[in-house]
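Let me begin by presenting the structure, written as structure tokens, before commenting on it.
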Amino acid sequence: MKTYKPTTPSRRGMTGIDFSQLTKKGPEKSLLKYVKRNVGRSAGRITVRHKGGGVKQLYRVIEFSQTKIDAPAKVIALEYDPNRTAFIALIKYADNTIQYVIAPQNLKVGDEIVFSESAPLNIGSRTKLKNIPVGTAVYNIELEIGRGGKIVRSAGSSAQVLAHDGEYVTLKMPSSEIRKFKGDCFASIGMVSNPENRFYRVGKAGKNRHKGIRPTVRGSAMNPVDHPHGGGEGRQPIGLKQPKTPWGKPALGVKTRNRKKWSSKLIISRRKK
């Protein structure tokens, strides 16, 4: 992490991400795409609060799946991605095809990775869960066969292989949830890069505005017409058994998962509260 001298009140306590390990180059233009941002609005109406503004940024097209099987690729750059907390790696195949992938921790420029059913257990390589030994850390895991990696993709996260049971493999998720996956689902070896992101401190409101995050007002500071927590003379408790959303629904610690969801049968142990 980078720390700063307290030259201003906002600098005091501010921390930044260390980008010294990244390659000093611009993003690959052929893998950039403009994505229209809705900033929390649908048909002009606010559907998600506290979103808006932000610095313009182009989307990096990331390969979460395995389009080129049994073809070794060389890491030619490690780059920053403004759309995610993890770093990304630019890889190049023998036929000069280039792709962006999520960079694991300790991956270096010049390393070789491969997506294969019989891939060696090197950091960044991608293979089927049934071929990964117990105790190995994995990331970018497929929920359904052939649909590409959907989970464990944020900075510093990884899941651990606990057991092999027939056609299923049991994993311990970053949330402490234990669940089963089909053994033919692909996963990448290692832990996602930039684990220090959890210690990042914004330091000032302006940085959040740059990221497209608008201010959040406490419900207790509102009027009764605007929020269930609002009203009262002076500073008052919420006066309810449990906190509520602005629309009167229970908040904080309430289970929202659909009990009839198809994947519930694969969950062995729910995450700890």
List the pairs from K29/K68; K56/K180; K74/K128; K68/K255 whose alpha-carbon separation is above 31 Å, in the order I gave them.
K56/K180; K68/K255
I want to check the label-to-label distance for M222 and I76. Put each point 7 Å from Cα in the C-beta direction and report it in nm to one decimal.
5.1
Among M1, G183, N96, which residue has its Cα positioned farthest towards the positive end of the charge dipole of the chain, with +1 placed on the Cβ of Lys and Arg, -1 on the Cβ of Asp and Glu, and the dipole taken about the Cα centre?
M1
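Sorting check: for 231-240, 58-67, 204-213, 137-146, which peptide has the highest mean count of neighbouring beta carbons within 10 Å, and how do the rest follow?
For the peptides 231-240, 58-67, 204-213, 137-146, the packing ranking is 137-146, 58-67, 204-213, 231-240.
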From the backbone phi of region 221-233, what are the Karplus-calculated ³J(HN,Hα) couplings (6.51 cos²θ - 1.76 cosθ + 1.60, θ = phi - 60°) in whole Hz, Gly and Pro given as x?
8, 9, 8, x, 5, 9, 7, x, 7, x, x, x, 8
Calc'd 3J(HN,Hα), region 158-166, phi into Karplus 6.51 cos²θ - 1.76 cosθ + 1.60 (θ = phi - 60°), Hz, glycine/Pro = x, comes to 6, 10, 10, 6, 9, 6, 10, 9, x
Relative to the compact globular guide of 2.2 N^0.38 Å, what is the alpha carbon radius of gyration of the chain, as a ratio?
1.19
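Please give the contour-minus-distance gain from R45 to L266: 0.36 nm per residue of separation, less the Cα-Cα distance, rounded to one decimal in nm.
My answer for the length gained is 75.8 nm.
Each value in this text was obtained by applying a stated rule to the coordinates, not by laboratory testing. Bear in mind the structure is a predicted one, so any value in this text is a computation, not a measurement. Heads up, the Cβs are rebuilt from the backbone with ideal geometry, glycines too, and the neighbour counts pull from every protein chain shown.
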